[in-house]
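The values are calculated or read from the model by the stated rules, or taken from the named source; none is laboratory data. The shown structure was predicted, so the numbers you read here are calculated from the model rather than taken from an experiment. Here the Cβ positions follow ideal geometry from the backbone for every residue, glycine too, while neighbour counts run over all protein chains shown. Protein only, heavy atoms only, side chains kept; ligands, DNA and RNA dropped before computing areas. Shrake-Rupley method; radii C 1.70, N 1.55, O 1.52, S 1.80 Å.
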Amino acid sequence: LRGYTAANPDSAAFVTMQHAAFFRTCRDIRNPINLRNERGAMQYLMKVVASQLEAYTCSLAQDIVDLRDEEVYPMFSNRRHAKIQVRGEKEVLHHFGQWAQTALHIFDVIDNELIMERKTDSGQTGSSLNSHASFDSVIHAMDDDDAIHFTILRYCSDVLGALRKDAIQSIRNKTSRS
């Protein structure tokens, strides 16, 4: 689209795109587009993290073990500092992998709730609602889990929670119009 508008600056599409709302910035991180888009972003993030981790010759666990050996990696040596740098890169990748994996789990929870909401709004009832964990219970459990970084928790509760609320409201609005 950018190539098209650059080649055709007089087109109506180019004029329309000049509106400030068209351009999204880093400030929009808390204003996601929709559940489908966020899920796609998290799936893509998982692929990127996996491909980057595969490019390394050894695992994060191996780096941690290697750094304990001060004969092979002497203190203050370039070799040790390089190993520490690579370990840090892997830790960041693992963090974002955990973020994406956790978010994808939350999407499954939200999907189950939306299915139940559609059934409830269409007059169907079922006992499967109790067989799935609710969004709120999963978020609460994540809050109690020290292994979940607070940025992951905030993303899941705030961003995905807002998308969940919008999706539920959309289902209810469709049902009330019918």
TODO: For ASP166 and ASN34, calculate 0.36 nm times their separation in residues minus their Cα-Cα distance, and state this gained length in nm to one decimal.
DONE: 46.6 nm
Task: Whether the stretch 57-138 is rounded, prolate or oblate, judged on the alpha carbon gyration tensor where a/c under 1.5 counts as rounded - done: prolate
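Determine the order of THR102, THR120, THR175 by accessible area, beginning with the largest, at a probe radius of 1.4 Å. Present the calculation step by step, with values, prior to reporting the outcome.
Details: THR102 20, THR120 85, THR175 50 Å².
Listed by decreasing accessible area, they come as THR120, THR175, THR102.
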Task: Per-pair calculated FRET efficiency, R0 = 22 Å: LEU153 and GLN52 via Cβ, rounded to 0.05 - done: 0.40
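Fully extended, how many nm does the chain gain between HIS94 and SER77 (0.36 nm per residue separation, minus their Cα-Cα distance)? Intermediate values should be presented prior to the final figure.
Numbers: separation 17, 0.36 × 17 = 6.12 nm, distance 2.57 nm.
Once the chain is fully extended between HIS94 and SER77, it gains 3.5 nm.
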TODO: For the stretch 86-178, with all protein chains present and a 1.4 Å probe, just round the carbon and sulfur fraction of the accessible area to a whole percent.
DONE: 51 percent
